[in-house]
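Accompanying notes for the structure given below.
The values are calculated or read from the model by the stated rules, or taken from the named source; none is laboratory data. Computed from a prediction, not measured in an experiment: that's the story for all the values here. Cβ atoms come from the backbone with ideal geometry, glycine included; neighbour counts cover every protein chain shown. Ligands, DNA and RNA are excluded from the accessible area calculation, which covers all protein heavy atoms including side chains. Shrake-Rupley method; radii C 1.70, N 1.55, O 1.52, S 1.80 Å.
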Amino acid sequence: MADQTAGRFKQVRRARALLLAAFRAHPGPIIWGLVGSLLYGTSLVAWSVALGELTNHVVIPRFDNGQVATGTIVAVLLVVTAIGVLQGAAGLIRRWTLVVTRARFDATLRGAVVHRYHRLPMTYHQTHPTGQKLAHVTTDAEAAAELPARLPDVLGMFVLFGVTAGWAVVVDPVLALVGGAMIPALLLINWVYQKQVEAPAQAVQERLGRVTEVAHESFDGAALVKMLGRDRVERDRFAAEAAGLRDAKIKLAVRDWMLDSLIESIPTATSLIMVVVGALRVNSGDITVGTLVSFVNVFAMLVVPVRTIGNVLGDVPRMLAGYARVQTVLDEPLPPATADPQPLPDGPLDVQVRDLSFTYPGGAAALSGVSFDVPSGATVAITGGTGSGKTTLLLALTGLLPLTGGTVLLNGADLSRIRSADRETAIAAAFQEPFLFAGSLAENVLLDFDGAAAAGAGARLDEALRLAQAKTLVDNQPNGADTPVGERGVTLSGGERQRIALARALAHRPRLLLLDEATSAVDATTRQEIMSGLTTGLTSTTTIVVTTSAATLALADAVVYLEQGRVAGVGAHADLLRIDGYDRLIRAYERERVQA
């Protein structure tokens, strides 16, 4: 019992936090929604009262005397019309604010999550599936936005209960007691329902996220799925997740149906009892027929607000589950702010790596005590066997990974203390698995998707394409640089995608260029042309390239040889061949290329 009570208080706190967050973000629509709901609830009671007066002053006199005063009819019609207009306007306000609040807060949460994703370190993205991150941005944010959107309706309906109770007690306490007896029954049903529905609602939200994850993996790996003949396996995997979601939704829907049935039956039974008791009260002269009509009508209309409240309360666990999943992202700790930021000196950059170490969360050390120097304008290659830490080292040099030890100095400035804007201006990188946007070739190279490229963009594009040996590739496209490449560059080969990604890094005109097997899918001749062009054409750019190509290693001014995250040798390629492990590694790579 204590655990259940604690869980209930925790749910209330989470709901309060969600509603406060929504109100701070969009107070206007929520306030208008409250106004609309209050007007709507008041108009329902007013309509019931008017219906009773219509019965007393129009219907009954018509049967008793055979006529009704024209002024009475006009007055009743005016009152009914006014109430109808008020009710219609209130209904419009309610619907408008519901849609606006939901859409705006949904967009706010999505924007907050995406903004958080952009600020979180690379290690977060490496340890969280893309499908899961998409679910946080889509289904979870959508579920969380439901509660503040429907809050005005719930509060308005509670006000309706209050107004109804006050009117009923003043007019006839006996019938008020009969009608009020259904409130505890409804509260009891909702309380029991909340306990029964919380786990299924959370299961639905979690399964929604899982379905998104599996679908994203299957679609993103479509080529691999087809190549390995895993179509049926992936279909079965998705079908299993979809079936789990279906079953969870059915289980939740059955409980919703049971709640709706009980909620509808209680006001109906109450109305029947009220008619019997009210008839006796009319017969004894304690109330009029019109008063009885008003009571029966107002309590019959309570079915709608009771159902509204029940539906919202029933969905609260699902909404809070969505918000909790969104909060897991928003609560992720950000990298600490740059303390005492240092300016990045002008001119060509030299790089000094001192005792650099890095350990992935929950994993073994990827780098340990790595030290080497790169003179400004030089080209240094990094090589080593699989798992030696080459890519991790390159990511550390970009500033994307928070170091667990050591320092990286650029012209004497500590990389970890350089402002991100200065770092992004000075450093560019291209990787073995390039990412291309579903835009044109020019948009992917210049990263200009809104047509707001700065002056000289054309010259930068041509220069970058030339250095990346991609000018002919672009010129041969149907629409030249304006040719769309499809999602992730699907219309290009692996080597073509790599050259476009390299051109993108070069268009940045970086002072430090980092390449991680960025030409591994390019043929040997073109690769050598690229590396020779970078060496002669980027004399003021410092280049660090991760490679296993002997020809590229021979072109480098120096080579850093890694073994199990440590520096096993630094020097010219020819000199490092005297190291047995390095010699075996290069020979193995060359044999592999010959056999391929």
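With the structure loaded, tell me whether Leu280 is open to solvent by less than 50 Å² (accessible area, probe 1.4 Å) and within 30 Å of Gly41 (Cβ to Cβ) or whether it fails that test. For Leu280, the condition - open to solvent by less than 50 Å² (accessible area, probe 1.4 Å) and within 30 Å of Gly41 (Cβ to Cβ) - is not met.
For the stretch 26-52, which positions are of a type in the set (Ser, Thr, Tyr) and closer than 30 Å to Val289 by Cβ? Tyr40, Thr42, Ser43, Ser48 - these are the residues of the stretch 26-52 that are of a type in the set (Ser, Thr, Tyr) and closer than 30 Å to Val289 by Cβ. Residues that are in contact with a Lys or Arg (Cβ under 8 Å, 6 or more places away or on another chain) and not in a helix (DSSP H, G or I) do occur in the stretch 58-72, at least one of them.
Only one entry of Arg466, Arg460, Arg497 meets the criterion of being assigned to a helix (DSSP H, G or I), more than 19 Å from Glu529 (Cα to Cα) and of a type outside the set (A, V, I, L, M, F, W, C), and that entry is Arg460.
Filtering Gly179, Gly131, Gly209, Gly162 for residues that are open to solvent by less than 40 Å² (accessible area, probe 1.4 Å), closer than 27 Å to Ala300 by Cβ and not acidic (Asp, Glu) leaves a single hit, Gly179. When you check Thr535 against the structure, is it in a helix (DSSP H, G or I), touching a helix residue (DSSP H, G or I) at 6+ places or on another chain (Cβ under 9 Å) and over 25 Å from Arg354 (Cα atoms), yes or no? Yes, satisfied. For the stretch 278-290, the criterion of a residue being assigned to a helix (DSSP H, G or I), among the polar types (S, T, N, Q) and more than 38 Å from the chain's Cα centre (by Cα) is satisfied by at least one position. When the stretch 244-254 is filtered for residues that are over 24 Å from the mean Cα position of the chain (by Cα) and exposed (fewer than 15 other Cβ atoms within 10 Å of the Cβ), the ones remaining, listed by number, are Asp247, Ile250, Ala253, Val254. Leu54 meets each of the listed conditions (1) at pLDDT 80 or above; (2) more than 24 Å from the chain's Cα centre (by Cα) apart from (1).
Every residue, every condition in (1) within 26 Å of Ala378 (Cα to Cα); (2) open to solvent by 30 Å² or more (accessible area, probe 1.4 Å), yes or no:
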residue	(1), (2)
Arg466	yes, yes
Gln469	yes, yes
Asn476	no, yes
Pro484	no, yes
Gln498	yes, no
Leu502	yes, no
Pro510	yes, no
Asp516	yes, no
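Within the set Leu562, Leu576, the sole residue that is without any contact (Cβ under 8 Å) to a residue 24 or more places away in the chain, over 28 Å from Ala442 (Cβ atoms) and aliphatic (A, V, I, L, M) turns out to be Leu576. If I ask for residues that are polar (S, T, N, Q) and either open to solvent by less than 10 Å² (accessible area, probe 1.4 Å) or out of contact with any strand residue (DSSP E or B) (no Cβ under 8 Å at 6 or more places or on another chain) (or both), which ones from the stretch 366-406 would you list? Hits for the stretch 366-406 are Thr383, Thr386, Ser388. With respect to being modelled with pLDDT of 90 or more, over 28 Å from Val522 (Cα atoms) and loosely packed, with under 15 Cβ neighbours inside 10 Å, Asp355 fits the description. Would you be able to say whether some residue in the stretch 515-530 is of a type in the set (Ser, Thr, Tyr) and more than 18 Å from Gln432 (Cβ to Cβ)? Checked the stretch 515-530: at least one residue is of a type in the set (Ser, Thr, Tyr) and more than 18 Å from Gln432 (Cβ to Cβ). Residues that are at pLDDT 70 or above and crowded, with 18+ Cβ neighbours inside 10 Å within the stretch 191-204 comprise Pro200, Ala201, Gln202, Ala203, Val204, listed in sequence order. Among the criteria (1) closer than 24 Å to Gly458 by Cα; (2) open to solvent by 50 Å² or more (accessible area, probe 1.4 Å), the one Ala442 does not fulfil is (2). In the stretch 373-404, which residues are out of contact with any helix residue (DSSP H, G or I) (no Cβ under 8 Å at 6 or more places or on another chain) and at positive phi? The answer is Gly377, Gly387, Gly389.
If you go through the stretch 266-277 and keep only what is farther than 14 Å from Val174 by Cα and open to solvent by 60 Å² or more (accessible area, probe 1.4 Å), you end up with Thr268, Leu272.
Summed over the stretch 112-138, the residues that are within 15 Å of Arg325 (Cα to Cα) and either of a type outside the set (Val, Ile, Thr) or at pLDDT below 85 (or both) give a count of 12. Of the residues making up the stretch 313-341, those that are open to solvent by 40 Å² or more (accessible area, probe 1.4 Å), within 17 Å of Arg13 (Cβ to Cβ) and over 19 Å from the mean Cα position of the chain (by Cα) number 1. Filter the stretch 26-39 for residues that are open to solvent by less than 40 Å² (accessible area, probe 1.4 Å) and outside any loop (DSSP other than H, G, I, E, B) and give the result. If the condition is that a residue be open to solvent by less than 40 Å² (accessible area, probe 1.4 Å) and outside any loop (DSSP other than H, G, I, E, B), then Gly28, Pro29, Ile30, Gly33, Gly36, Ser37 are the ones that fit.
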